[in-house]
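Trainee: Before anything else, here's the structure in question.
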Amino acid sequence: MGYLRQKLSSNSLWERLAFTILLFCIVFFGVMTISYFLLPEGLLKNKNPLQNWEPSDNTAILTLQIFFYNMLSVLMIAFVSLFGKKKESEANYLSVGYLVFFAQICINGIVAGTWSFSLGGEAIPFIYRITRTFDLAHRAGLWEMTGQLLITCSLAHISTVLTSGKDTITRKIRHIHLKKDEAFVSIIGFVLILVGAVIESIAINSL
């Protein structure tokens with residue numbers, strides 16, 4: 001666990017990305033598999049009150065609705081990324097943003113594993129639940145999760161409330177600056193989430 005914390009808090013953005021992608025694959029498909037075999041079908045269907053909004057028949061407006069809905073999770077990731085924790089023996093602070101990101105990934109894995117999509121229709125066999133994730137032309141999930149992943153890794157060093165053991169220090173937000181590669185990857189993350197919103201809106205209005 002200490003090795004993983006070290007990699008996720010690395011000063012190298014690309015190292016953070018590599019290990020977060022690896023962990024994402026393990027967590028998402030692992031949770032999907034476990035939930036498929038152990039949890040009842042439709043467990044989380046229509047359980048999220050934030051999803052109770054009327055989709056627009058206009059694809060452009062629906063795209064914006066979906067995009068801003070997805071921004072709620074991004075805002076939460078950004079907010080908790082202001083908090084960092086480390087053990088006294090560790091060099092870098094681990095962003096709490098990872099916790100929110102992987103909590104979201106676990107929820108997504110359960111939704112896919114139990115087929116709890118609000119507009120999912122009739123459940124499909126497990127193998128197709130996995131392969132449909134990679135249907136990037138028609139499925140938005142991987143676009144959106146990848147965008148969230150990029151943003152999470154990009155913001156991993158913006159913490160202003162830093163806790164090491166029993167000691168906590170704070171710094172002002174104006175002292176936080178993203179490196180060029182972090183800003184670039186963060187922008188790509190937002191673009192991927194927007195692409196996912198476009199794909200999802202087209203899929204919904206084609207039903």
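The values are calculated or read from the model by the stated rules, or taken from the named source; none is laboratory data. The structure presented is a predicted model; accordingly, all values stated were derived computationally and were not measured. No Cβ is skipped: glycine too gets one built from the backbone with ideal geometry, and neighbour counts run over all protein chains shown. The accessibility values were calculated without ligands, DNA or RNA, using every heavy atom of the protein model including side chains. Shrake-Rupley method; radii C 1.70, N 1.55, O 1.52, S 1.80 Å.
Trainee: Between Ile187 and Phe79, what is the FRET efficiency for a Förster distance of 25 Å, r being their Cβ-Cβ separation, to the nearest 0.05?
Mentor: Computed FRET efficiency for Ile187 and Phe79: 0.85.
Trainee: OK, next. For a 27 Å ceiling on Cα separation, which of these pairs sit above it: Lys47/Lys86; Lys45/Lys85; Lys85/Lys172; Lys47/Lys172; Lys87/Lys172; Lys47/Lys179?
Mentor: As for pairs spanning more than 27 Å Cα to Cα, those are Lys47/Lys86; Lys45/Lys85; Lys47/Lys172; Lys47/Lys179.
Trainee: Residue farthest toward the positive end of the dipole of segment 75-182, with Cβ of Lys/Arg at +1 and Asp/Glu at -1: which of His177, Ile110, Val100?
Mentor: Checked the options; the winner is His177.
Trainee: Take the Cβ-Cβ distance between Trp14 and Leu99 as r, set R0 to 22 Å, and report the resulting FRET efficiency rounded to the nearest 0.05.
Mentor: Efficiency at R0 = 22 Å is approximately 0.50.
Trainee: Can you give me the accessible area per residue for segment 117-178, using a 1.4 Å probe, in Å²?
Mentor: For segment 117-178, the per-residue accessible area is 58 Å².
Trainee: Among Gly30, Gly147, Gly113, whose mean-square fluctuation peaks in a Gaussian network model of the chain (Cα, cutoff 10 Å)?
Mentor: Among Gly30, Gly147, Gly113, the largest mean-square fluctuation in the Gaussian network model of the chain belongs to Gly30.
Trainee: Could you compute the FRET efficiency for Asn58 and Lys180, with r as their C-beta to C-beta distance and R0 at 41 Å, rounded to 0.05?
Mentor: Efficiency computed from Cβ-Cβ geometry: 0.65.
Trainee: Given the options Leu192, Leu155, Ile66, identify the residue whose Cα lies farthest towards the positive end of the charge dipole of the chain (+1 on Cβ of Lys, Arg; -1 on Cβ of Asp, Glu).
Mentor: Leu155
Trainee: Continuing with this model, one more query. Explain nothing, just the number: relative contact order of the chain, from Cα pairs under 8 Å at least 6 residues apart, as a whole percent.
Mentor: 29
Trainee: When the Cα centres of segment 1-60 and segment 85-153 are compared, how far apart do they sit, in Å?
Mentor: Each part reduced to its Cα centre gives a spacing of 2 Å.
Trainee: Can you give the extra length, in nm with one decimal, that the chain gains between Ile202 and Thr160 once fully stretched, where that is 0.36 nm per residue apart less the Cα-Cα distance?
Mentor: My answer for the length gained is 11.2 nm.
Trainee: In segment 94-166, what trypsin sites (Lys or Arg not before Pro) fall in a loop by DSSP, with at most 14 other Cβ atoms inside 10 Å?
Mentor: In loop regions of segment 94-166 (DSSP not H, G, I, E or B), the sparsely surrounded trypsin sites (Lys or Arg not before Pro) are Lys166.
Trainee: What is the local net charge at Glu41, summed over the other residues whose Cβ is closer than 14 Å to its Cβ (Lys, Arg +1; Asp, Glu -1)?
Mentor: Value of the local net charge: +2.
Trainee: Mean projection of the alpha-carbon convex hull of the chain over all orientations, in nm²?
Mentor: That works out to 12.7 nm².
Trainee: Here is a follow-up. State the percentage of accessible surface on segment 140-188 attributable to carbon and sulfur atoms; use a 1.4 Å probe and exclude ligands, DNA and RNA.
Mentor: About 64 percent, which is the carbon plus sulfur part of the accessible surface.
Trainee: Can you tell me how much longer the chain between Glu88 and Ala123 gets when fully stretched, taken as 0.36 nm per residue apart minus their C-alpha distance, in nm with one decimal?
Mentor: Contour length minus the Cα-Cα distance gives 7.7 nm.
Trainee: Under a 10 Å cutoff between Cα atoms, tell me which one of Ser35, Ser12, Ser116 has the largest fluctuation in the Gaussian network model of the chain.
Mentor: Maximum among the listed residues: Ser12.
Trainee: Another question about this same structure. To the nearest 20 debye, what is the magnitude of the charge dipole of the chain about its Cα centre, counting +1 on the Cβ of each Lys and Arg and -1 on the Cβ of each Asp and Glu?
Mentor: My answer is approximately 780 debye.
Trainee: Give the longest segment of the chain that steers clear of GluC sites (Glu not before Pro) in DSSP loops with at most 10 neighbouring Cβ atoms within 10 Å, not counting the sites themselves.
Mentor: Result for the longest clean stretch: 1-87.
Trainee: Could you tell me the relative contact order of segment 35-96? Use alpha-carbon pairs under 8 Å, at least six residues apart, and round to a whole percent.
Mentor: 17
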